[in-house]
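Below you'll find the structure, written out as structure tokens, and then a few comments.
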Amino acid sequence: MNWDDESAYAEPPAGDRLVATAADGEDRAVEAALRPKDLGEFVGQERVREQLDLVLKAARARGATADHVLLSGAPGLGKTTLSMIIAAEMGAPIRITSGPAIQHAGDLAAILSSLTEGEVLFLDEIHRMSRPAEEMLYMAMEDFRVDVIVGKGPGATAIPLELPPFTLVGATTRAGLLPPPLRDRFGFTGHMEFYAPAELQRVVHRSARLLDVEIEDQGAAEIAGRSRGTPRIANRLLRRVRDYAQVKADGVITREIAAQALDVYEVDARGLDRLDRAVLTALLKLFGGGPVGLSTLAVAVGEERETVEEVAEPFLVREGLLARTPRGRIATPAAWEHLGLVNDAGTAGRAGTPPQQGLFGG
Ligand SMILES: Nc1ncnc2c1ncn2[C@@H]1O[C@H](COP(=O)(O)OP(=O)(O)OP(=O)(O)O)[C@@H](O)[C@H]1O
Ligand SMILES: [Mg+2]
């Protein structure tokens, strides 16, 4: 397996969910085709874009290699895309690998020592790198030098190896998991936010143009509204809606066609898909709105803990439908309302929240 190939380290997506956060197969090819190629084409993320633009322009003006860049943010927001844009803007080649692919320090040494001057090394999921590799990376980032250990035991010797200056672009969905010494070695950290509906609408229009699909403004708005603030999902929903429009209508995506299509694919008006609704339904119906532990909730919906925590929950929390508390997950009043359910108390809300007792002596 060629670990330098982007397609080689895809984690298995969560089932066959339409809004699965990892792309696969044909999706990957289309995804690559839809990737903005420069900062000007990159929609939204105004702050990160402006900051990055300064970093790159200044480096270019100095004729220097750009500082190391850390990109953090949820899946599908454009980290990989931005890393490729960084390389393109610097006129530099890019090498792509990922944390899980680097299990031994030697793997990293091999990659680092083969870099050319100014090359961009994209290290996806950098928080999942092994400890020894991480420590080697500290020195490489700071001093452009690695110590290659030759031999074993008492006879082992460290041979210092000079590296050409390179730009490390690290991407992580979990910036909090990065050890501070690593985080501190990045000259610039860009935090990617979820996209506003209007921005996603622009992404949809742009992709429709590239895919040669006719779409009305309202159709793009409908897709954008159900895309959970995520361009990858917007692109994916667009392709499914396109299929529907071709088969069931004249190919033009109107608001009605988009809404009908997404109903067929079980993506509701707020962008919740089958898994999201399964999690919420279990929380409400089986556990009375919580609090319930993550593991229990995961078992109830027949998914891995990680899938519930990393795929479904961030969006549910962001939408104000679910809250993570020290005692477990609880549903908010909005969750009862969204699923059209009524809790034991007969009203939407207060689920799982025991009556506050005498907090102030009352
Ligand atoms: N700002 C943007 N403008 C237009 N399209 C975008 C933008 N950001 C992302 N996309 C589209 O979304 C898709 C996913 O983006 P990308 O692969 O860069 O996300 P990611 O953050 O690397 O996700 P992951 O964490 O899963 O690796 C790309 O194919 C790209 O076409
Ligand atoms: Mg990526």
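How many nm is it between the label spots at S114 and Q218, if each spot is 7 Å from the Cα in line with the beta carbon?
5.5
Size of segment 35-191 along its principal axes in angstrom, Cα-based, largest extent first?
So the three principal-axis extents are 55, 32, 24 Å.
Note down the magnitude of the dipole of the chain about its Cα centre, charges +1 on Lys and Arg C-beta and -1 on Asp and Glu C-beta and zero elsewhere, to the nearest 20 debye.
Dipole magnitude for the chain comes out near 740 debye.
At 1.002 mPa s and 20 °C, plugging the Kirkwood radius over alpha-carbon pairs of segment 240-300 into Stokes-Einstein gives what diffusion coefficient in µm²/s?
For these conditions, the coefficient is 161 µm²/s.
Can I get the semi-axes of segment 112-229's equivalent ellipsoid? Compute them from the C-alpha gyration tensor as square roots of 5 times the eigenvalues, in angstrom, largest first.
Values for segment 112-229, descending: 43, 16, 12 Å.
Looking only at R47, R62, R95, which one moves most when the chain is put into a Gaussian network model with springs between Cα atoms under 10 Å?
Ranking R47, R62, R95 by mean-square fluctuation puts R62 first.
Using the eigenvalues of the Cα gyration tensor, what equivalent ellipsoid semi-axes result for segment 167-296 when each is taken as the square root of five times the eigenvalue, whole Å, largest first?
Computed over segment 167-296, the values are 32, 25, 10 Å.
Take every Cα pair under 8 Å in segment 228-347 that's 6+ residues apart, average their separations, divide by the length, and report that relative contact order as a whole percent.
Relative contact order here is 20 percent.
Taking the alpha-carbon distance from K37 and a cut-off under 22 Å, which lysines remain once sequence neighbours fewer than 8 residues away in the same chain are dropped?
K57, K79
Which aspartates and glutamates have a Cα less than 18 Å from the Cα of K285, not counting those fewer than 8 places away in the same chain?
Cα-Cα hits under 18 Å: D273, D276, E303, E313, E337, D344.
Sorted by packing (mean other beta-carbon atoms within 10 Å per residue), highest first, where do 330-342, 34-46 land?
330-342, 34-46
Sorted from largest down, what three extents in whole angstroms do the Cα atoms of the chain have along their principal axes?
Ordered largest first, the chain gives principal extents of 72, 61, 40 Å.
Coordinate-derived values only; no laboratory data. None of these values were measured; they are calculated from a predicted model. We place every Cβ from the backbone using ideal geometry, glycine too, and count neighbours over all the protein chains shown.
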